Amino acid sequence: MELREHVELRTTFSDGTSARTINIRYIIVNVVSTYNFLLGRHYLNRLGAVASTRHMKMKLFSLDGGVIIIKSDYKST
């Protein structure tokens, strides 16, 4: 694994009807992986999010009190 750099980006989590945006500091690495990115506990806690790898979903509260459900678009073959 080769560390490339750090970058801080405003990142929006949305289900198409509601959204939340926070700043996230990403670590860019050169590595072969099945993941697009990994979101650490610090950011999950900031969002108040609950992630389920088994269900490939993440739920968090929107700013208006609703629930945002992020679903994976992964299709197993």
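The values are calculated or read from the model by the stated rules, or taken from the named source; none is laboratory data. The model shown is predicted, which means the values in this text are computed figures rather than measured ones. Here the Cβ positions follow ideal geometry from the backbone for every residue, glycine too, while neighbour counts run over all protein chains shown. Heavy atoms of the whole protein, side chains included, go into the accessibility calculation; ligands, DNA and RNA do not. Shrake-Rupley method; radii C 1.70, N 1.55, O 1.52, S 1.80 Å.
Among the residues that make up the range 11-34, is at least one of them surrounded by 13 or more Cβ atoms within 10 Å (Cβ to Cβ), among the acidic types (D, E) and either under 12 Å from the mean Cα position of the chain (by Cα) or part of a loop (DSSP other than H, G, I, E, B) (or both)? For the range 11-34, residues surrounded by 13 or more Cβ atoms within 10 Å (Cβ to Cβ), among the acidic types (D, E) and either under 12 Å from the mean Cα position of the chain (by Cα) or part of a loop (DSSP other than H, G, I, E, B) (or both): present.
Take L3 and decide whether it is open to solvent by 40 Å² or more (accessible area, probe 1.4 Å) and either in contact with a Gly (Cβ under 9 Å, 6 or more places away or on another chain) or in a loop (DSSP other than H, G, I, E, B) (or both). No: the conditions fail for L3. Within the range 14-30, the residues that satisfy the criterion of being in contact with a strand residue (DSSP E or B) (Cβ under 9 Å, 6 or more places away or on another chain) and not β-branched (V, I, T) are S14, D15, S18, A19, R20, N23, R25, Y26, N30.
Residues that are in contact with a helix residue (DSSP H, G or I) (Cβ under 8 Å, 6 or more places away or on another chain) and either closer than 26 Å to L3 by Cβ or of a type in the set (D, E) (or both) within the range 13-48 comprise F13, I22, I24, listed in sequence order. Selection over the range 43-77 of residues that are part of a helix (DSSP H, G or I) and either in contact with a Ser or Thr (Cβ under 6 Å, 6 or more places away or on another chain) or surrounded by 10 or more Cβ atoms within 10 Å (Cβ to Cβ) (or both) gives a count of 4.
Residue pairs, Cβ under 9 Å, 6 or more apart or interchain, first in the range 1-22 and under 12 Å from L63 (Cα atoms) and without any contact (Cβ under 8 Å) to a residue 24 or more places away in the chain, second open to solvent by 50 Å² or more (accessible area, probe 1.4 Å) and charged (D, E, K, R). List them. Taking only residues 6 or more apart or on different chains, the pairs are T21/R10.
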